[in-house]
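> Okay, here's the structure, questions in a sec.
The values are calculated or read from the model by the stated rules, or taken from the named source; none is laboratory data. None of the values given here were measured: they were computed from a predicted structure. For neighbour counting, all protein chains shown are included, and Cβ atoms are generated from backbone atoms with ideal geometry for every residue, glycine included. Remember, those area values only see protein heavy atoms, side chains included, never the ligands or the DNA or RNA. Shrake-Rupley method; radii C 1.70, N 1.55, O 1.52, S 1.80 Å.
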Amino acid sequence: TIGVDTAVGKGSTFWVELQQAESPVHRARGTRATPSEDGSATAGPSRTLLYVEDNLANLKLLERILEPRPEINLLTAMQGQVGLELAREHQPDLILLDLQLPDVSGVDVLRKLKAGPTTRDIPVVVVSADATDGQVNRVLKEGAAAYLSKPLNVREFLRVLEQHADGRPSRDRDRPQRSASA
Ligand code: MN
């Protein structure tokens, strides 16, 4: 809703009302808090995935792919710097990283993640259309766990997700690991 209140000789107030939306960060925190409270989680362990990508269509695609996987909390950043901050704050289980970002290059983001004591162990999967052999080798040398080319192949992405985020024990180190029968 857009409106204006005017009083002659006093001035005008222009106002805009927007519907409140739930932030993905808030949603991730809310879901994650539940299983640690009494340890009686009914769903599988929650995982946090951070996707650093400036293309809205690709972000939407990933949201759709993850729709049947409610145990995965998706955090998104459309700028490299924001992505770095989210990674430091939320310690995701896996980071998907686009190379062409509007503020800093994805390779710089990768280097900073690998240089940071709190983020160096988080697997980073680079997602880019720029998949020449030279580029792939370069990012793998910089510490990327895998390289996926665009457009994203859904099956290939799910395989990488399983490999790097699903099969790992929970990052909450002070919680006992789940038994094999869980
Ligand atoms: Mn991009």
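> What whole-number value in Å² describes the accessible area per residue of the range 46-151 for a 1.4 Å probe?
Normalised by residue count, the accessible surface of the range 46-151 is 45 Å².
> Now for a separate question. L94's amide H: which non-local residues (gap 5+, or another chain) put their own amide H closer than 5 Å, with H modeled 1.01 Å from N in plane and none for Pro or chain starts?
T48, L50
> If packing is taken as the average count of other Cβ atoms within 10 Å, what order do 126-133, 151-158, 94-101 fall into, highest mean first?
Numbers: 126-133: 16.5, 151-158: 13.0, 94-101: 23.6.
Sorting 126-133, 151-158, 94-101 by mean packing, highest first, produces 94-101, 126-133, 151-158.
> Classify the range 61-104 from the C-alpha gyration tensor, please: rounded if a/c falls under 1.5, else prolate or oblate depending on whether a/b exceeds b/c.
Judged from the Cα gyration tensor, the range 61-104 comes out oblate (a/c at least 1.5, b/c at or above a/b).
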